[in-house]
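Okay, structure first, notes after.
The values are calculated or read from the model by the stated rules, or taken from the named source; none is laboratory data. Model, not experiment: these values are computed from the prediction. Backbone-built Cβ (ideal geometry, glycine too); neighbour counts: all protein chains shown. Remember, those area values only see protein heavy atoms, side chains included, never the ligands or the DNA or RNA. Shrake-Rupley method; radii C 1.70, N 1.55, O 1.52, S 1.80 Å.
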Amino acid sequence: MKILKTVSFRTLGCRLNQFETDALVTSFHNAGYQVVDPNQKADVTVINTCTVTNQSDQKSRHTINNAASKNPDGLVVVTGCMANNYKEKLEGQEQITYVVDNDRKSQIVELVDGHFSGEVQHPDNLSGNKFGFETVQKSLHTRTSVKIQDGCDNFCTFCIIPSVRGRAVSRPVQDILENVRRVVDNGFKEVVITGVNIGRYDYEGVSFEHVIERVLELPGDFRVRISSLEPDGFSDDFYQLFSHPKLAPHLHLCLQSGSEEILLKMRRMYSARQFMDTVERFRNAIPDFNFTTDVIVGFPGESDADFQQTVDFVKKADFSHVHTFRFSRRTGTRADRMNEQVSGKVMAERSEVIRRISEENRLRYMHSMQQKEQRVLIEKVNEQGIARGYGEHYLPVEFAVTDPSTNRFEKVLLQETLPGEEPVMKGAIVGEPALKGF
Amino acid sequence: MKIATEVENFLLEEVRDINKSTYVLKFSRGDLGFKPGQHLNIGLTGSGQHREYSIYSGINNDSLEVLIKEVDDGMVSTQLRKLKKGEELSVKGPYGFFLTDAKPKEGEKLLFIASGTGIAPFHSFVMSNPGASYRLIHGIRNIDEAYDREHYTEGSYFACTSRGNKGDYNGRITDYLLSDVEEKADKVYLCGNSSMIYDAMDILRAQGYRHDQLFTEVYF
């Protein structure tokens, strides 16, 4: 019997990285490798790194060291944004076999295959293709992402991503549509549209809203979710898209700050007023539309008054979740050279304030959703017959089922909010009473 | 015409001094395409240090120009000024979206508001669209910062000087805007330091401008 080579993966950072790892899992699986848990020894370990903050760098370094020490005889392949940002440094580390930049990430399986067959090559000789990832078949998730865009030209003053992901490039429309068709044919019920700055999608005159419209027109019982989006200004067509039943009424719109002055210093492409107008326009059309966001606390020069504006904004916009980041200096960015850096203590205090408001907002939003129906995509069912999944508004829902199968939709009436560290909504399949004891 | 995606080395053609601290860097263009309002990341070849500078020249010029104000102890702006004709500089880009929708339309009134070297994207726009109708308000300290004012259509350029008495208006640009004597425009583009933009935006909103009429680019 042929002994399969084993491969394990470790992923840090954003949803795009997660998607790219999922695609690599598929590539290795299709190439005959056995994918094993990261805690097991493996012939090949792929670490998909992140470099967006100093903390990300630390985590990436720790993950590399940990993986390499567990697999002293295996290949260690480091890829992702840290591989772009610190390429030469990483290449100088003996424990790392290959450092593969983002452009060549999709070809890692070729590199590893070549290594084992004696055709060793430098990763730089691989052909670059930002959209060359395999269609995900064997995913670790119920929903899958489709990458439509890579890179960013916005050059926000705090962000290193344009330097490590390169300039904005959009995937051809037909490739995207074909990719969605394939993942739907493979059985995925939820497609997350992803990229670095997807709102800037522009392929031969086809804009973001119009490529989404084409995706929504594809046949099949699936829904579409838009991942993290920059609120750079939306056309009327964008708002119209959300009348389509396949498009989830949820957006993760990155606010970063509620202070107009700080937004200018961050060189964001919108004002706080514009952002609030966007939120209000959506809520006028769809009152229970779910907004989540990112906020950076402690950007250089952020005064107490600036921070209070962020607090007020987060309350007013009623984000159901706020992902709070403490500002992290990145060499090579404009913000790194700014005066008036905010102390770590102040950042921690501000972060805690936003975290508490976020929790309050979340519970309030969940309460407001009680007695409403959601179409829940079941991700798992436990031994007690309790299913868990997400509705179209991106709230976690638990309910009793008799059919233990997953990856299917159920219409669920939301009945109660169960608070806790990770609040969840309790419901019952429409037309069926909740089971006793649940 | 190509859009540069990676670092390219271009050759310096001229360093044209405008005043003690400000100069125009002129260099080979190759076949680089750009839109007025976009910027380049420029540094000394091999230094690894780049800074953003808006393109100053027009789209029809054979060479590229950027307008640079030297920063005290700056790692890039001071070094670029020392370059000699024929020496290489490292260029990435072009990037950005500022002004890219500011197409001259019949009857449309455009108001440009700049502070200091924030005038560069407007200079590029004007050089690229010779017949365009616009009004340019430039906030500067002294009149010697009225960079190349003769390049603008007669009567279109208006200097607000915060020091001295040789400006078209002697005072801060925000004080001038508060006087509300400017004819209302259809679109207003602002480029300069964040404090000026922040204050000016408040004034313009109070004067009835909607946010979809206001466009900004921050300079540091």
Which numbered condition A:GLU261 fails, given (1) in a loop (DSSP other than H, G, I, E, B); (2) surrounded by fewer than 23 Cβ atoms within 10 Å (Cβ to Cβ):
(1)
Exactly one of these conditions fails for B:GLY33: (1) open to solvent by less than 10 Å² (accessible area, probe 1.4 Å); (2) modelled with pLDDT of 95 or more. Give me its number.
(2)
With the structure loaded, tell me whether A:ASP202 is open to solvent by 10 Å² or more (accessible area, probe 1.4 Å) and over 25 Å from A:ASP232 (Cα atoms) or whether it fails that test.
no
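This table checks each residue for (1) part of a helix (DSSP H, G or I); (2) over 19 Å from A:GLU230 (Cβ atoms).
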{"site": "A:VAL109", "(1), (2)": "yes, yes"}
{"site": "A:GLY118", "(1), (2)": "no, yes"}
{"site": "A:THR135", "(1), (2)": "no, yes"}
{"site": "A:VAL146", "(1), (2)": "no, no"}
Quick one: is B:TYR134 of a type outside the set (Asp, Glu) and either touching a Gly at 6+ places or on another chain (Cβ under 9 Å) or farther than 30 Å from A:ASP277 by Cα (or both)?
no
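What about A:GLU280, is it surrounded by fewer than 20 Cβ atoms within 10 Å (Cβ to Cβ), within 14 Å of chain B (Cβ to nearest Cβ) and not aliphatic (A, V, I, L, M)?
For A:GLU280, the condition - surrounded by fewer than 20 Cβ atoms within 10 Å (Cβ to Cβ), within 14 Å of chain B (Cβ to nearest Cβ) and not aliphatic (A, V, I, L, M) - is met.
For the stretch A:392-411, check the following and say yes or no: at least one residue is closer than 30 Å to A:ASP57 by Cβ and aromatic (Phe, Trp, Tyr).
yes
Quick check on A:ILE226: is it buried (at least 19 other Cβ atoms within 10 Å of the Cβ) and within 14 Å of chain B (Cβ to nearest Cβ)?
For A:ILE226, the condition - buried (at least 19 other Cβ atoms within 10 Å of the Cβ) and within 14 Å of chain B (Cβ to nearest Cβ) - is not met.
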So which residues in the stretch A:310-345 are polar (S, T, N, Q), part of a loop (DSSP other than H, G, I, E, B) and surrounded by 15 or more Cβ atoms within 10 Å (Cβ to Cβ)?
A:SER320, A:SER328, A:THR333, A:GLN341
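Results for (1) modelled with pLDDT of 90 or more; (2) surrounded by 19 or more Cβ atoms within 10 Å (Cβ to Cβ); (3) farther than 12 Å from B:PHE158 by Cα, shown as yes or no for each residue.
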| position | (1), (2), (3) |
| --- | --- |
| B:ASP101 | no, no, yes |
| B:PRO104 | no, no, yes |
| B:PHE112 | yes, yes, no |
| B:GLY118 | yes, yes, yes |
| B:PRO121 | yes, yes, yes |
| B:VAL126 | yes, yes, yes |
| B:GLY131 | no, no, yes |
| B:LEU136 | yes, yes, no |
| B:GLY139 | yes, yes, no |
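Being part of a loop (DSSP other than H, G, I, E, B), touching a strand residue (DSSP E or B) at 6+ places or on another chain (Cβ under 9 Å) and aromatic (Phe, Trp, Tyr) narrows it down to one residue among B:PHE34, B:PHE10, B:PHE27; which is it?
Checking each option against the conditions leaves just B:PHE34.
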Okay, helices (runs of 4 or more DSSP H) sitting entirely in the stretch B:107-220 with 2 or more residues that are within 14 Å of chain A (Cβ to nearest Cβ), I get B:194-206
Answer yes or no: is there a residue in the stretch A:336-354 that is away from every other protein chain (no Cβ under 14 Å) and touching a helix residue (DSSP H, G or I) at 6+ places or on another chain (Cβ under 6 Å).
yes
When A:ARG273 is run through (1) within 14 Å of chain B (Cβ to nearest Cβ); (2) more than 19 Å from A:VAL346 (Cβ to Cβ); (3) under 24 Å from the mean Cα position of the chain (by Cα), the failure sits at (3)
Members of the stretch A:282-312 found to be in contact (Cβ under 8 Å) with a residue 12 or more places away in the chain and within 22 Å of A:LEU395 (Cβ to Cβ), listed by number:
A:PHE282, A:ALA285, A:ILE286, A:ASP288, A:PHE289, A:ASN290, A:PHE291, A:THR292, A:THR293, A:ASP294, A:VAL295
Selection from the stretch A:15-56 of residues that are under 18 Å from the mean Cα position of the chain (by Cα) and either free of Cβ contacts under 8 Å to residues at least 40 places away in the same chain or open to solvent by 70 Å² or more (accessible area, probe 1.4 Å) (or both)
A:ARG15, A:THR21, A:ILE47, A:THR49, A:CYS50, A:GLN55
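Looking at B:GLU145, B:GLU182, which is the one that is touching a residue at least 12 places away in the same chain (Cβ under 8 Å), acidic (Asp, Glu) and open to solvent by less than 20 Å² (accessible area, probe 1.4 Å)?
B:GLU145
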